[in-house]
Amino acid sequence: MAYIETALTFECGENRMIGVAAIPEIPDGRGVLIVVGGPQYRVGSHRQFTLLSRDLARAGISCMRFDCRGMGDSEGELRNFESINDDIGSAVDAFIGQCPEVREVVLWGLCDAATAAIFYARHDPRISGLVLLNPWARTAEGQAKALVRHYYLSRLTDKALWKKLLSGKFDFRSSLKDLSGSISDMKGQREEASLPERMRSCLEKFEGRILLIMSGKDLTAKEFDDLAKSQSWRSLSARFERRDLMEADHTFSRRIWRNQVSQWTEEWVRSW
């Protein structure tokens with residue numbers, strides 16, 4: 001389907017923000033707003049957000065991507081992912097203003113942008129769904145567990161590691177120091193679990209649909225996966241519709257991975 005790509009400006013507080021909307025000839029009533037995490041702007045790694053937006057518009061789904069305050073071409077001070085609720089709200093207003101046919105919005109986010117979308121969604125009845133890619137749930141304890149479970153243990157079957165061992169080139173001292181530090185973090189920094197707890201609380205209060213897209217070769221995804229399988233998240237995780245790209249890295253950097261993410265997003269947005 002033909003579409004028109006339009007740059008627009010809108011206000012958030014005293015700052016001017018920049019967005020780009022891709023609007024198809026015959027817009028659907030459900031649109032996608034791409035939330036950008038930092039430090040990135042609206043194009044995305046490997047032009048991922050630009051390409052996704054155009055893919056969706058060709059499929060008849062209106063899409064908008066934008067720069068949060070302090071990033072790209074938007075004005076203001078840089079904020080972290082926990083402080084951009086106002087940015088997202090202003091972008092939703094601008095998106096619907098640009099395309100009045102859109103009556104409900106799906107937030108799409110990668111990494112800390114996915115977490116920002118989780119924090120915002122429950123506050124806005126216009127948000128009907130979340131597409132979350134490798135959500136950021138980092139704590140020292142969670143990172144340490146993921147390193148031990150998904151990195152150190154998996155290396156026991158790594159041929160390159162055994163070649164280093166047999167050749168005497170493996171740095172035992174450095175590796176043991178790293179492993180020891182990870183185990184210490186598992187034992188001693190549980191107070192940082194507040195981020196996962198707040199994420200869970202926000203998701204429990206969100207009544208819309210949730211699509212989880214996960215990379216198989218990414219520590220951030222492994223951390224969230226461990227969290228989602230925990231006892232406290234089990235009933236919540238049952239709500240997720242999930243897709244896995246087992247060979248993909250954190251940003252889905254290969255064309256085949258980006259295309260698959262676009263296809264899954266399009267199919268899911270149209271599925272209800």
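The values are calculated or read from the model by the stated rules, or taken from the named source; none is laboratory data. Values in this document were obtained by computation on a predicted structure and should not be read as measured data. Cβ sites come from the backbone with ideal geometry, for glycine too, and all protein chains shown count toward neighbours. Keep in mind that these areas ignore ligands, DNA and RNA; they rest on the heavy atoms of the full protein, side chains included. Shrake-Rupley method; radii C 1.70, N 1.55, O 1.52, S 1.80 Å.
The table below gives the values:
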| item | result |
| --- | --- |
| Set T220, T251: member being among the polar types (S, T, N, Q), buried (at least 16 other Cβ atoms within 10 Å of the Cβ), in contact with a helix residue (DSSP H, G or I) (Cβ under 7 Å, 6 or more places away or on another chain) and touching a residue at least 24 places away in the same chain (Cβ under 8 Å) | T251 |
| F206 being within 17 Å of S128 (Cα to Cα) and modelled with pLDDT of 95 or more | yes |
| Any hit, the stretch 163-186, residues being closer than 25 Å to D112 by Cα, modelled with pLDDT of 60 or more and open to solvent by 90 Å² or more (accessible area, probe 1.4 Å) | no |
| Lone unmet requirement of (1) within 21 Å of R255 (Cβ to Cβ); (2) in contact with a Phe, Trp or Tyr (Cβ under 9 Å, 6 or more places away or on another chain) for A59 | (2) |
| Checking S271 against (1) without any contact (Cβ under 8 Å) to a residue 24 or more places away in the chain; (2) not basic (K, R); (3) not in a loop (DSSP other than H, G, I, E, B), the condition it does not meet | (3) |
| Qualifying residue in the stretch 136-146 (condition: open to solvent by less than 10 Å² (accessible area, probe 1.4 Å), modelled with pLDDT of 95 or more, touching a Gly at 6+ places or on another chain (Cβ under 8 Å) and not polar (S, T, N, Q)) | no |
| Any pair with Cβ under 6 angstrom, 6 or more apart, that starts in the stretch 82-95 at a residue that is of a type in the set (S, T, N, Q) and ends at one that is surrounded by 15 or more Cβ atoms within 10 Å (Cβ to Cβ) | N85/Y120; S90/F10; S90/C12 |
| Candidate set: the stretch 107-122, residues that are of a type outside the set (A, V, I, L, M) and touching a Cys at 6+ places or on another chain (Cβ under 7 Å); chosen: the one most open to solvent (accessible area, probe 1.4 Å) | R122 |
| Of residues in the stretch 233-248 being of a type in the set (A, V, I, L, M, F, W, C) and part of a loop (DSSP other than H, G, I, E, B), the one least open to solvent (accessible area, probe 1.4 Å) | A248 |
| Residue among I96, I84, I61 that is within 16 Å of the chain's Cα centre (by Cα) and of a type in the set (A, V, I, L, M) | I84 |
